[in-house]
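Peer 1: Okay, handing you the structure first.
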Amino acid sequence: MSLRRHLKKLLRETAQNVAYMQSLGAPNVPIDVDFSYSTQIPWPSLRKFAQFAYLAEQYGYRYAGLDPDLRESGTPFFVFRRLPDEPERAARTRERYPDATDGGRLPGMRSWPVPVLTLPEARSEVKLLHARIAIDYYGAIRRQPLRPVLIGIPLVVLLVLLVNGELHAAGLRIAAGTVAALLLLLGASRIFMHRRIAAYRRLLSE
């Protein structure tokens, strides 16, 4: 999904929520209710998601970390909350970039479509958003339980040996080496995540 399509999805869904609340017309329903938008990361790149977070803020929706209501889903969901000045922000952005959602230039991004590159004026903000998103993402991944993986890897390797009729000494040695390599890779990825989180925390504290 492109940045433009995902931005249109955010604006469409939040506009529908606002219209629904306004249509109720009840005196006890505040029109400025705290609307939010939750999403998984639809791209393999956290940096692209940071660009999306920057775009969302230009239209009045600020990145607010992991969605607390979906912590137990097993998949990280990230929430964007409506800012109090959302109508004014959206109006200013639409005035400056009237065709942004219809093929025109996106706020803070270069005009050519692929790849979408950040302009210098927005680069520092996107960098900080990327750091916040990475801390939240790696933190969510790191909190996932390791026991199913530690049990699952040897079981899958043994199953492959069994299916291929390789349950003999040489096959078991190869399987043990494969399991050890995968577990080492898993451990290395955990160390990498820990170091990246520390680096991003230092960046945000500067």
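The values are calculated or read from the model by the stated rules, or taken from the named source; none is laboratory data. Because the structure is predicted, anything quoted here is derived from the model rather than measured. Quick reminder, even Gly has a Cβ in these numbers, built from the backbone with ideal geometry, and neighbours come from all protein chains shown. Quick note on the areas: whole protein, heavy atoms, side chains included, nothing else; ligands and nucleic acids left out. Shrake-Rupley method; radii C 1.70, N 1.55, O 1.52, S 1.80 Å.
Peer 1: Can you sort Phe77, Phe49 by solvent-accessible area, 1.4 Å probe, largest first? Before the final figure, lay out the partial values.
Peer 2: On the way: Phe77 55, Phe49 0 Å².
Putting Phe77, Phe49 in descending order of accessible area: Phe77, Phe49.
Peer 1: Taking the Cβ of Ser111 as the centre, find all other residues whose Cβ is under 15 Å away and add up their charges (Lys, Arg: +1; Asp, Glu: -1). Could you put the intermediate results ahead of the total?
Peer 2: Working: positive: Arg4, Arg96, Arg105, Arg110; negative: Asp99, Asp102, Glu121.
Result for the neighbourhood of Ser111: +1.
Peer 1: Here's something else I'd like to know. Using a 1.4 Å probe, how large is the accessible area of Arg202, given in Å² and rounded to the nearest 10?
Peer 2: Rounded to the nearest 10, that gives 140 Å².
Peer 1: Something else now. How high is the FRET efficiency between Arg196 and Phe77 when r is their beta carbon distance and R₀ equals 35 Å, given to the nearest 0.05?
Peer 2: Values: r = 21 Å, r/R0 = 0.59.
Efficiency, rounded to the nearest 0.05: 0.95.
Peer 1: Working with all protein chains in place, sort Asp67, Asp99, Asp136 by solvent-accessible area computed with a 1.4 Å probe, largest first. Numbers along the way, then the final one.
Peer 2: Values: Asp67 15, Asp99 90, Asp136 40 Å².
Result of the area sort, largest leading: Asp99, Asp136, Asp67.
Peer 1: Pick out, from Gly104, Ser45, Phe77, the residue whose Cα sits farthest towards the positive end of the charge dipole of the stretch 41-104, with +1 on the Cβ of Lys and Arg and -1 on the Cβ of Asp and Glu.
Peer 2: So the residue we want is Ser45.
Peer 1: Another question, if that's okay. Going by accessible area, probe 1.4 Å, with all protein chains left in place, what is the ranking of Glu121, Glu13, largest first?
Peer 2: Numbers: Glu121 120, Glu13 65 Å².
The residues order as Glu121, Glu13, largest area first.
Peer 1: On to the next question. Extension gain Leu159-Ser36, at 0.36 nm per residue separation less the Cα-Cα distance, in nm? Write down the numbers at each step before the final one.
Peer 2: Details: separation 123, 0.36 × 123 = 44.28 nm, distance 4.49 nm.
Extending this stretch completely gives an extra 39.8 nm.
Peer 1: If you take the beta carbon distance between Ala91 and Ser111 as r and set R0 to 25 Å, what does 1/(1 + (r/R0)^6) give as a FRET efficiency, to the nearest 0.05?
Peer 2: On the way: r = 23 Å, r/R0 = 0.90.
Efficiency at R0 = 25 Å is approximately 0.65.
Peer 1: Using the beta-carbon distance between Leu184 and Ser45 and R0 = 35 Å, what value does 1/(1 + (r/R0)^6) give for FRET efficiency, to the nearest 0.05?
Peer 2: Details: r = 26 Å, r/R0 = 0.75.
The value I calculate is 0.85.
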